[in-house]
Amino acid sequence: GLSSVPHLAVLRLGYVGMTAVGMSSLALGMRHLAGLRELAIHDNEIGDAGLESLTAVLPTFTAMQVLVLVQTGISSTGMRTLVPALRQLTRLITLDISYNRDIRDHGLESLAHILPLLKAMKVLNLMRTGISDRGISALVKALPHLVELQELNVSYNNIGDSGIVSLVQTLCQPSSLDTGHNRAGDKNLTTSPHYNNTLQELYIEENSGVTGAGLGRVAQLISALPALTRLDMSSDGRPPAYLHDTIAMALAEALPRLPALEE
């Protein structure tokens, strides 16, 4: 069993057909893995019951840097169970809870409450979690504390113009995201203190409530994110969320200020 490999650092168990019963047994064996740095239990329907078993041992893994719980059947109830354990994982760099559609706003609100404690966070994936403007409102309050954040994915949700614009505006605030890294008198910065030089990837595509007006405002804001290498704000073409001329012109003006952009 796992007790024979106490120095295991990476455990990936995707697509193994595990349920809550299996998760309960696995959690018992994981108690000996104090040095575990990466845990991926994705695409297994462990549900909230299985998550409860996992959260009982998660605080043991104080070295944890990567936690992947993609498509595991987590709901907002499960998130409330997970959050007290997550707050102990202060070295966490990557949290991926995507494809759990029942997390919704209540679940994100629970998570946002402890995100300020996870200051090492670089990657946060909330794709297809059923969140809307209400959840984003909670998230934007936590974002100023995530000073290392490099990648954020909120795509394929129910966010509207208000939420998406508020999110991007918050990400553009240097006081929250990168002024702490700027040495006084450093003249090599892209600019300061009006730019976020940390965020590299932003995925906001396919949000059902975003219209052309919202995308237009985002296009005007993104030049304050000069470190971006990837930006996806695409739509499935349903009106009125389309790239009309005004948005295209705003993007054209912003692109020269995004020298790192790859796609």
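The values are calculated or read from the model by the stated rules, or taken from the named source; none is laboratory data. This is a predicted model, so every value here is computed, not measured. Cβ coordinates were reconstructed from backbone atoms using ideal geometry, including for glycine residues, and neighbour counts include every protein chain displayed. We work out accessible area using only protein heavy atoms, side chains counted, and drop any ligands, DNA or RNA first. Shrake-Rupley method; radii C 1.70, N 1.55, O 1.52, S 1.80 Å.
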Tell me which residues, restricted to the stretch 76-108, are farther than 23 Å from Tyr203 by Cβ and either of a type in the set (Gly, Ala, Ser) or in contact with a helix residue (DSSP H, G or I) (Cβ under 8 Å, 6 or more places away or on another chain) (or both). Thr77, Gly78, Arg80, Thr81, Val83, Pro84, Ala85, Arg87, Gln88, Leu89, Thr90
Looking only at the stretch 95-113, how many residues end up being within 22 Å of Tyr156 (Cβ to Cβ), open to solvent by 10 Å² or more (accessible area, probe 1.4 Å) and either without any contact (Cβ under 8 Å) to a residue 24 or more places away in the chain or not small (Gly, Ala, Ser) (or both)? 8
Could you figure out which of (1) modelled with pLDDT of 95 or more; (2) on the phi < 0 side of the Ramachandran plot isn't true of Arg128? (2)
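I'd like to know if the stretch 58-78 contains one or more residues that are on the phi > 0 side of the Ramachandran plot and among the small types (Gly, Ala, Ser).
The initial filter retains those residues of the stretch 58-78 that are on the phi > 0 side of the Ramachandran plot, namely 71, 73.
Checking the rest, the ones that are also among the small types (Gly, Ala, Ser) come to 73.
For the stretch 58-78, residues on the phi > 0 side of the Ramachandran plot and among the small types (Gly, Ala, Ser): present.
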Note: among Leu92, Leu58, Leu36, just one is more than 22 Å from Ile131 (Cβ to Cβ), surrounded by 20 or more Cβ atoms within 10 Å (Cβ to Cβ) and either touching a residue at least 40 places away in the same chain (Cβ under 8 Å) or in contact with a strand residue (DSSP E or B) (Cβ under 7 Å, 6 or more places away or on another chain) (or both), namely Leu36
Among the residues of the stretch 167-199, the number that are open to solvent by less than 70 Å² (accessible area, probe 1.4 Å), in a loop (DSSP other than H, G, I, E, B), at pLDDT 50 or above and over 22 Å from Thr246 (Cβ atoms) is 5
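Which is surrounded by fewer than 17 Cβ atoms within 10 Å (Cβ to Cβ) and not β-branched (Val, Ile, Thr), of Ala27, Ala20, Ala9?
Working: Ala27 fails: surrounded by fewer than 17 Cβ atoms within 10 Å (Cβ to Cβ); Ala20 fails: surrounded by fewer than 17 Cβ atoms within 10 Å (Cβ to Cβ).
None of the other options fit; the residue is Ala9.
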